[in-house]
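**Q** Structure provided below as structure tokens; questions to follow.
None of the figures in this text is laboratory data; all of them are computed from the coordinates on show. Remember, predicted model here, so these are calculated numbers, not experimental data. Cβ coordinates were reconstructed from backbone atoms using ideal geometry, including for glycine residues, and neighbour counts include every protein chain displayed.
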Amino acid sequence: MISDRDLYLMAKKALKNAYAPFSKFTVGAALLSETGEVFTGVNVENSSLGATICAERTAFVKAVSEGSQKFKTIAVVSGEGAVLPCGICRQFMFEFGDDLRIVTGDDADHLKVYEITDLLPEGFRLPL
């Protein structure tokens, strides 16, 4: 079983692949699916700025493109330490369920855990 600490360390390891030449603000993410698979992601900036994608969405897009759509936990880390997902990422993650856990922290020994509904109360989702 993958612990929150393990997931955080996977996100931290992914951090080295971030592409942030403009902001220099690097972010890594590790997303745990219900089946136990882990998908990592990093932020990838773009000269047009609007085409930039966050680490959290990168991890989700990788997971969905590989057939996963149910998730338990995502760990997010920045080069600066603890970081919380931006508003777009919060909405993006909420699309896949309102029981997702978000793990962050200044380091692997000082983790904070949030529920997506803590960060996005009454999130928006179209009925299927």
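**Q** Being free of Cβ contacts under 8 Å to residues at least 40 places away in the same chain and among the small types (Gly, Ala, Ser) is the filter here, so list the residues in segment 96-128 that pass it.
**A** Gly97, Gly123 - these are the residues of segment 96-128 that are free of Cβ contacts under 8 Å to residues at least 40 places away in the same chain and among the small types (Gly, Ala, Ser).
**Q** If I ask for residues that are farther than 16 Å from Asp118 by Cα and either crowded, with 18+ Cβ neighbours inside 10 Å or in contact with a Ser or Thr (Cβ under 7 Å, 6 or more places away or on another chain) (or both), which ones from segment 64-103 would you list?
**A** Across segment 64-103, the qualifying residues are Ser68, Lys70, Phe71, Val77, Ser78, Gly79, Ala82.
**Q** Among the residues of segment 21-61 satisfying the criterion of being within 9 Å of the chain's Cα centre (by Cα) and charged (D, E, K, R), which is nearest to Gly79 (Cα to Cα)?
**A** Once the filter is applied, the top-ranked residue is Glu56.
**Q** On to the next question. Conditions: (1) closer than 17 Å to Leu9 by Cα; (2) under 11 Å from the mean Cα position of the chain (by Cα). Phe92 meets all but one. Number of the miss?
**A** (1)
**Q** Given (1) assigned to a helix (DSSP H, G or I); (2) in contact with a Leu (Cβ under 8 Å, 6 or more places away or on another chain); (3) of a type outside the set (D, E, K, R), where does Val76 come up short, assuming only one miss?
**A** (1)
**Q** Hey, does segment 85-95 have a residue that's closer than 21 Å to Ala18 by Cβ, in a helix (DSSP H, G or I), touching a strand residue (DSSP E or B) at 6+ places or on another chain (Cβ under 7 Å) and among the basic types (Lys, Arg)?
**A** Within segment 85-95, none of the residues are closer than 21 Å to Ala18 by Cβ, in a helix (DSSP H, G or I), touching a strand residue (DSSP E or B) at 6+ places or on another chain (Cβ under 7 Å) and among the basic types (Lys, Arg).
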